[in-house]
Every structure is written in structure tokens, then in C-alpha cells.
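Engineer: Take this structure, written in C-alpha cells, and hold onto it; I'll ask about it next.
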Amino acid sequence: MKTILLLTVSFLMTAAITVNAQKKPAEFHGATPTKAHYQVVYQLNTDDDGKIKGTLRNIQNALDDPRLKGKLEVELVVHGAGVAVYRTDKPYEELVKGLQSRGVILAMCENTMRERKIDKKELFPFVSYVPSGNGELILRQQEGWAIMHP
Amino acid sequence: MKTILLLTVSFLMTAAITVNAQKKPAEFHGATPTKAHYQVVYQLNTDDDGKIKGTLRNIQNALDDPRLKGKLEVELVVHGAGVAVYRTDKPYEELVKGLQSRGVILAMCENTMRERKIDKKELFPFVSYVPSGNGELILRQQEGWAIMHP
Amino acid sequence: MKTILLLTVSFLMTAAITVNAQKKPAEFHGATPTKAHYQVVYQLNTDDDGKIKGTLRNIQNALDDPRLKGKLEVELVVHGAGVAVYRTDKPYEELVKGLQSRGVILAMCENTMRERKIDKKELFPFVSYVPSGNGELILRQQEGWAIMHP
């Protein structure tokens with residue numbers, strides 16, 4: 001009897017997962033998402049001005065999406081040439097501060113700092129550091145975060 | 001006694017997950033995947049002709065992969081300069097219709113429409129619209145879909 | 001009574017998932033990750049020398065990240081123009097062998113081989129083949145692997 005009940009619970013949990021996976025797109029587009037909390041890491045690894053501004057604008061658009069508004073946690077992970085976005089001698093301070101004021105976590109790859117011989121004083125003082133940008137992007141995804149690479 | 005049974009069930013479910021995570025690649029390559037349903041969002045945000053055609057061909061290749069055939073649900077999410085693929089004055093109608101006939105969902109970012117002052121009449125009438133392309137790509141991943149950015 | 005116990009177990013499992021999702025970034029950065037095993041697929045589809053070397057270096061950095069060291073399984077999935085990295089007449093043999101010696105799985109897309117009329121003899125003999133690179137990247141993500149596209 002106990003076994004039957006246990007199997008029933010397992011079955012119901014499996015069924016719930018299956019139903020979710022088969023949800024039709026059209027229904028989804030019209031319905032209100034029920035998840036209370038969404039998470040995404042954005043990868044930025046280029047110093048192309050258009051792509052930097054595009055990435056920062058993409059983050060704003062995601063935060064403003066009516067389906068995600070007030071429910072989206074964002075982390076910007078910068079590595080390689082992308083370091084330009086955090087440099088005090090580049091024109092992105094206002095945009096980056098604007099994102100931070102909306103709760104966006106600003107992470108910088110320490111490998112890039114070493115490889116490119118960049119001193120932390122050259123970057124905004126409010127940036128956080130992670131051992132490797134790639135490692136951070138992998139860890140976040142394995143914790144369940146979505147990834148975006150504009 | 002009931003507690004022991006419950007713990008056993010929890011342990012078995014955990015064990016099943018662990019075994020799956022440790023599955024060796026060689027075995028996987030040779031074995032038939034057991035999942036009944038796969039889902040993927042493709043991101044397209046460039047008007048480069050080679051990359052547009054490459055993305056559409058990539059989708060066809062994924063649909064034809066013997067491991068996924070008949071089991072893969074695809075959504076193409078277009079934003080930014082990628083809008084070219086849906087324009088009636090561009091040469092992609094046949095390719096796009098071919099994908100739609102195979103069940104591919106065609107989604108277009110409404111933010112891009114506003115920012116670039118594009119009228120819906122300029123795009124194929126069979127395209128669907130989403131509030132933001134980035135939001136759609138995040139929501140889909142958080143629902144369990146894979147993401148591809150060719 | 002049995003039902004209550006079962007509901008309790010379900011609740012605890014749900015609670016554990018919720019707590020993980022709400023983990024604060026600052027705490028995470030400082031804490032030791034508890035997962036025993038991480039998995040990631042790297043996508044390479046360009047013959048740009050800088051991007052090939054960048055991708056191979058990114059993989060090394062991820063393997064060396066103190067939070068992932070000894071716990072990260074990596075598969076490099078090559079398709080399209082990326083095939084250059086596996087060609088015997090290109091200068092990447094030492095770097096690729098170095099990654100393989102660290103356990104990185106080397107996968108090549110068979111569609112690319114056909115479309116570009118490449119013979120397997122033109123590539124390193126220790127490369128593995130998959131029906132389609134895109135299919136492999138989708139299957140891996142649906143199995144729970146992270147994806148990186150440098």
C-alpha cells in the first residue's frame with residue numbers, strides 16, 4: 001500500500017514535468033508565466049562599440065519585458081576584449097551604472113586581467129571579480145541560469 | 001518504516017539523476033536517446049547573408065539528425081538586424097516557409113520593430129511576435145529548451 | 001498519515017530547489033560549489049585563427065578555474081568552417097592533443113564532412129564523429145550540459 005502511494009507520487013511528479021515540456025508555444029505566448037524568478041548570465045567578450053551597446057540595450061529590454069519585469073536576475077560576465085566596457089577611460093560608465101542600479105551583477109574575469117596586464121585601478125571600482133569568465137558562465141548555467149551571447 | 005521507504009525513493013531518484021550525469025560520451029553516441037521530446041530556440045540577430053542561410057541550414061540539419069528526427073521542437077527567435085530574414089523584399093521566403101512547414105515556430109521581437117520603425121506589413125504575414133527577443137530566449141531556456149546561436 | 005509524510009518529502013524537495021535558485025551571487029562567489037560534476041559543450045564553427053586559439057584557451061581556463069578543477073567534463077563540438085582546428089595541415093595539433101590529454105572529447109560534425117567534401121584522412125585520426133554538430137549541441141544541453149560559444 002505504501003509502495004503504491006510512493007509510486008503515485010513519483011508518477012505525479014514525472015507527469016507534471018512532462019506536461020510542462022509539452023506546453024504549446026501559442027498558449028505560452030498568451031499565458032502569464034508562473035515562475036516567480038528568472039535568472040540569466042550575459043556574456044560580453046568583444047570591444048566592438050556596436051556590440052557592447054547592443055548587449056547593454058539587450059539587458060534593458062529583457063528587464064523591461066512584461067513577462068519578466070520584476071522577476072529577472074541578471075549577471076553580466078565580461079572576459080577577453082570585452083573588458084573595454086568596464087574601463088574608466090571608455091564611454092560606458094553611465095550605461096553600466098544604470099544597469100547596476102537595476103540590480104545587474106557586474107563580473108570581470110581575473111584571467112583576462114592577468115593575460116592583458118590590466119590593473120584593477122583601470123576599471124570601475126564597483127566591478128566584481130571571478131576566477132575565470134568561462135568558469136562563471138558554466139557554473140551559472142549548471143545552477144539553472146539561462147545564457148545570452150548577443 | 002514509512003520513513004525508510006520514503007528515503008529509499010528519494011535515494012533512487014537521486015541515483016537516477018547521478019547515473020545520467022555520469023553517462024560516458026562514447027556510450028551515448030552509440031546508444032539511442034530515450035527522451036521523447038527535445039526543444040531548442042535558435043537566435044538570429046544578424047543580416048549577414050551567409051549567417052542567415054547558415055542558421056536556416058543548421059535548423060534543417062538538427063531536424064534531420066537521426067537522434068532527433070521527429071522528436072525536435074524548434075523556435076526561431078529573430079531580433080535586431082536579423083529581421084532581414086522575415087522581410088518580404090528579401091530572398092528568404094522559400095527557406096523560411098520550408099522551415100514553417102516542418103513545424104518551426106517563427107518569432108519576431110517587437111522591440112526591434114519599434115526601434116527600427118518597421119511596419120508588420122513589411123514582414124511575412126505568418127510571423128509571430130514576442131515582446132522582446134531576449135526575453136523570449138530567456139523564458140524558453142528557463143522552461144528547459146536548449147539554445148543555439150550559430 | 002502516509003499522505004502527510006509524502007507531501008512533506010515533496011515539499012522538502014521543492015524547498016531545496018527554491019533555496020538553490022535564490023542563492024545570492026555574493027555568497028556563491030565566496031562559497032565552495034557543492035556539485036560534484038560539471039559538464040559543458042564548446043561550439044566552434046569559425047576558421048578565424050584568433051577565435052580558434054581563443055576557444056582552446058577558454059577551455060583551458062575553464063578546466064583550471066579553482067571552482068571547477070577536477071570536476072569539469074568538456075566536449076568540443078566542431079562544425080562548418082571550424083573544421084580547420086582538426087585538419088592535419090593546420091597548426092593546431094599540439095593544442096588539440098593537449099586538450100585531449102586533459103580528457104576533452106573531440107567531436108566533428110558529419111554533415112560538414114559531406115557538405116565540404118572532406119575525407120576523414122584529412123583530419124586527426126583521434127577525432128570522434130557525430131551525425132550533426134547542431135544535434136550534438138542540442139542533445140547535450142537537453143541532458144543538462146552548459147553551452148559555450150566563444
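Engineer: Taking the condition of being among the basic types (Lys, Arg) and in contact (Cβ under 8 Å) with a residue 24 or more places away in the chain, how many residues in segment A:79-94 meet it?
Structural biologist: Of segment A:79-94, the ones among the basic types (Lys, Arg) are A:87, A:90.
Right, trim to in contact (Cβ under 8 Å) with a residue 24 or more places away in the chain and you get A:87.
Of the residues in segment A:79-94, 1 are among the basic types (Lys, Arg) and in contact (Cβ under 8 Å) with a residue 24 or more places away in the chain.
Engineer: In segment A:112-126, is there at least one residue being open to solvent by 10 Å² or more (accessible area, probe 1.4 Å), in contact with a helix residue (DSSP H, G or I) (Cβ under 6 Å, 6 or more places away or on another chain) and at negative phi? Before the answer, list the steps.
Structural biologist: We begin by selecting, within segment A:112-126, every residue open to solvent by 10 Å² or more (accessible area, probe 1.4 Å); these are A:113-122, A:125-126.
This time we only want the ones that are in contact with a helix residue (DSSP H, G or I) (Cβ under 6 Å, 6 or more places away or on another chain), so: none.
No: segment A:112-126 contains no residue that is open to solvent by 10 Å² or more (accessible area, probe 1.4 Å), in contact with a helix residue (DSSP H, G or I) (Cβ under 6 Å, 6 or more places away or on another chain) and at negative phi.
Engineer: Out of segment C:101-111, which residues are touching a helix residue (DSSP H, G or I) at 6+ places or on another chain (Cβ under 7 Å) and not basic (Lys, Arg)?
Structural biologist: The first filter runs over segment C:101-111 and keeps only residues touching a helix residue (DSSP H, G or I) at 6+ places or on another chain (Cβ under 7 Å), leaving C:102, C:104-109, C:111.
Of everything in segment C:101-111, those that are touching a helix residue (DSSP H, G or I) at 6+ places or on another chain (Cβ under 7 Å) and not basic (Lys, Arg) turn out to be C:Val104, C:Ile105, C:Leu106, C:Ala107, C:Met108, C:Cys109, C:Asn111.
Engineer: On to the next question. Regarding B:Ser101, is this residue surrounded by fewer than 19 Cβ atoms within 10 Å (Cβ to Cβ), farther than 15 Å from B:Val78 by Cα and of a type in the set (Ser, Thr, Tyr)?
Structural biologist: yes
Engineer: Identify, by number, the condition in (1) at pLDDT below 95; (2) closer than 26 Å to C:Ser132 by Cβ; (3) open to solvent by 60 Å² or more (accessible area, probe 1.4 Å); (4) facing another protein chain (nearest Cβ under 9 Å) that B:Thr34 doesn't meet.
Structural biologist: Evaluating B:Thr34 over (1) at pLDDT below 95; (2) closer than 26 Å to C:Ser132 by Cβ; (3) open to solvent by 60 Å² or more (accessible area, probe 1.4 Å); (4) facing another protein chain (nearest Cβ under 9 Å) leaves (4) as the failure.
Condition check ((1) closer than 24 Å to B:Tyr42 by Cα; (2) away from chain B (no Cβ under 14 Å); (3) in contact (Cβ under 8 Å) with a residue 12 or more places away in the chain; (4) assigned to a helix (DSSP H, G or I)) across all residues:
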residue	(1), (2), (3), (4)
C:Asn58	yes, yes, yes, yes
C:Ala62	no, yes, yes, yes
C:Gly70	no, yes, no, no
C:Val77	yes, no, yes, no
C:Leu106	yes, no, yes, no
C:Asn111	yes, no, yes, yes
C:Glu136	yes, no, yes, yes
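Engineer: Test A:Pro66 against the criterion of being within 10 Å of another protein chain (Cβ to nearest Cβ) and in contact with a helix residue (DSSP H, G or I) (Cβ under 7 Å, 6 or more places away or on another chain), and give yes or no.
Structural biologist: Taking the combined requirement at face value, the residue does not satisfy it.
Engineer: Mind listing whichever residues of segment A:44-54 are more than 10 Å from chain B (Cβ to nearest Cβ), within 23 Å of A:Ser101 (Cβ to Cβ) and within 16 Å of the chain's Cα centre (by Cα)?
Structural biologist: Of everything in segment A:44-54, those that are more than 10 Å from chain B (Cβ to nearest Cβ), within 23 Å of A:Ser101 (Cβ to Cβ) and within 16 Å of the chain's Cα centre (by Cα) turn out to be A:Leu44, A:Ile52.
Engineer: Within segment C:51-74, identify whether any single residue is open to solvent by 70 Å² or more (accessible area, probe 1.4 Å) and in contact with a Lys or Arg (Cβ under 9 Å, 6 or more places away or on another chain), and answer yes or no.
Structural biologist: Taking segment C:51-74 first, the residues open to solvent by 70 Å² or more (accessible area, probe 1.4 Å) are C:51, C:53, C:57, C:66, C:69-70.
Now narrow it down to the ones that are in contact with a Lys or Arg (Cβ under 9 Å, 6 or more places away or on another chain): none.
Within segment C:51-74 (the criterion being open to solvent by 70 Å² or more (accessible area, probe 1.4 Å) and in contact with a Lys or Arg (Cβ under 9 Å, 6 or more places away or on another chain)), the answer is no, since none of the residues qualifies.
Engineer: Looking at segment A:124-134, which of its residues are more than 7 Å from chain C (Cβ to nearest Cβ) and touching a residue at least 40 places away in the same chain (Cβ under 8 Å)?
Structural biologist: A:Val127, A:Gly133
Engineer: For segment A:84-104: of the residues being aliphatic (A, V, I, L, M) and within 14 Å of another protein chain (Cβ to nearest Cβ), which is nearest to A:Tyr38 (Cα to Cα)?
Structural biologist: Going through segment A:84-104, the residues aliphatic (A, V, I, L, M) turn out to be A:84-85, A:95-96, A:99, A:104.
Those still in the list that are within 14 Å of another protein chain (Cβ to nearest Cβ) too: A:99, A:104.
Numbers: A:Leu99: 17, A:Val104: 13 Å.
This residue is A:Val104.
The values are calculated or read from the model by the stated rules, or taken from the named source; none is laboratory data. Quick caveat: nothing in here was measured; it's all calculated off a predicted structure. Neighbour counts are summed over all protein chains in view; Cβ atoms, including those assigned to glycine, are modelled from backbone coordinates with ideal geometry. For the accessible areas, the whole protein counts, side chains as well, though only heavy atoms, and no ligand, DNA or RNA atoms are used. Shrake-Rupley method; radii C 1.70, N 1.55, O 1.52, S 1.80 Å.
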